[in-house]
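Written below as structure tokens is the structure these notes are about.
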Amino acid sequence: MALTQKTAVKPPKGAGLLEIIPLIGFFTAYQLYGLMIATAVLMVLSLIALSIAYFRLRYVSMPLMVGTALIVVFGGLSLLLQDETFIKLRPTLVNTLLGSTLLIGAYRFNRGLLSSMFHMAFELTPKQWRTLSVHYGWFFLTLALLNEIVWRTQPTELWVNYKVFGVMAITFVFTISQVWKFMKRG
């Protein structure tokens, strides 16, 4: 079955921006004031984005909800202990958790767990959902490894640029490649 987008469930206009604005604020604050202030800005903007999504748009995506919770926890630890390690470690832990969950679902339970989040947006067979979940599982584990390499071997400024721009570009290219694969097979 080809990858086809359904129109029944569509995020409200502006919902995607709510996930990008905190990153833009983080990057801008880092450039002006450094990592700790940028972390506080990221926490505040993430909470504002979550509030707007819930109260104004009546639509909260799982990544926004979970991401905000983890930003508040790890950002809070960074600020409380004045240790940037926690905010740098957060992407590693998030991506490891996502990747592991998808791979355990696919290999242990023979399920494509991505279908539970996107089944109303895309029409795929159970086998295709499992395959897509495996691909994304390994992708997230790769992002976790890349984050570890970058934050442990490079200056903070490079890590911030990688986190804001690099991950977005890598994710975009990977997602396009997956859509292309499934459209081609259909």
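Here's the yes/no breakdown for (1) under 23 Å from T142 (Cα atoms); (2) in contact with a Ser or Thr (Cβ under 9 Å, 6 or more places away or on another chain):
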| site | (1), (2) |
| --- | --- |
| F55 | no, no |
| R58 | no, no |
| L64 | yes, yes |
| G67 | yes, yes |
| L81 | no, no |
| I87 | yes, yes |
| L93 | yes, no |
| L97 | yes, no |
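Please specify each residue of the stretch 146-168 satisfying the condition of being of a type in the set (A, V, I, L, M) and under 12 Å from the mean Cα position of the chain (by Cα). Residues satisfying the conditions are V164, V167, M168.
Take the residues of the stretch 162-186 that are exposed (fewer than 15 other Cβ atoms within 10 Å of the Cβ) and of a type outside the set (A, V, I, L, M, F, W, C): which is modelled with the lowest pLDDT? Here the answer is G186. Being in contact with an Asp or Glu (Cβ under 9 Å, 6 or more places away or on another chain) and either closer than 26 Å to I149 by Cβ or in contact (Cβ under 8 Å) with a residue 60 or more places away in the chain (or both) is true of S78. Exactly one residue among A106, A38, A53, A29 is closer than 16 Å to Y162 by Cα, part of a helix (DSSP H, G or I) and free of Cβ contacts under 8 Å to residues at least 60 places away in the same chain, and that residue is A29. Taking (1) over 19 Å from V66 (Cα atoms); (2) without any contact (Cβ under 8 Å) to a residue 40 or more places away in the chain; (3) among the charged types (D, E, K, R) in turn, E148 satisfies each apart from (2).
When you check A169 against the structure, is it farther than 19 Å from M65 by Cα, assigned to a helix (DSSP H, G or I) and in contact (Cβ under 8 Å) with a residue 24 or more places away in the chain, yes or no? Break it down into steps so the answer makes sense when it comes.
Working: farther than 19 Å from M65 by Cα: yes; assigned to a helix (DSSP H, G or I): yes; in contact (Cβ under 8 Å) with a residue 24 or more places away in the chain: no.
For A169, the condition - farther than 19 Å from M65 by Cα, assigned to a helix (DSSP H, G or I) and in contact (Cβ under 8 Å) with a residue 24 or more places away in the chain - is not met.
Filtering the stretch 56-85 to residues that are more than 17 Å from the chain's Cα centre (by Cα), outside any loop (DSSP other than H, G, I, E, B) and surrounded by 14 or more Cβ atoms within 10 Å (Cβ to Cβ) leaves L57, G76, L77, S78, L79.
The values are calculated or read from the model by the stated rules, or taken from the named source; none is laboratory data. Everything numeric in this text was worked out from a predicted model, so none of it was measured. For neighbour counting, all protein chains shown are included, and Cβ atoms are generated from backbone atoms with ideal geometry for every residue, glycine included.
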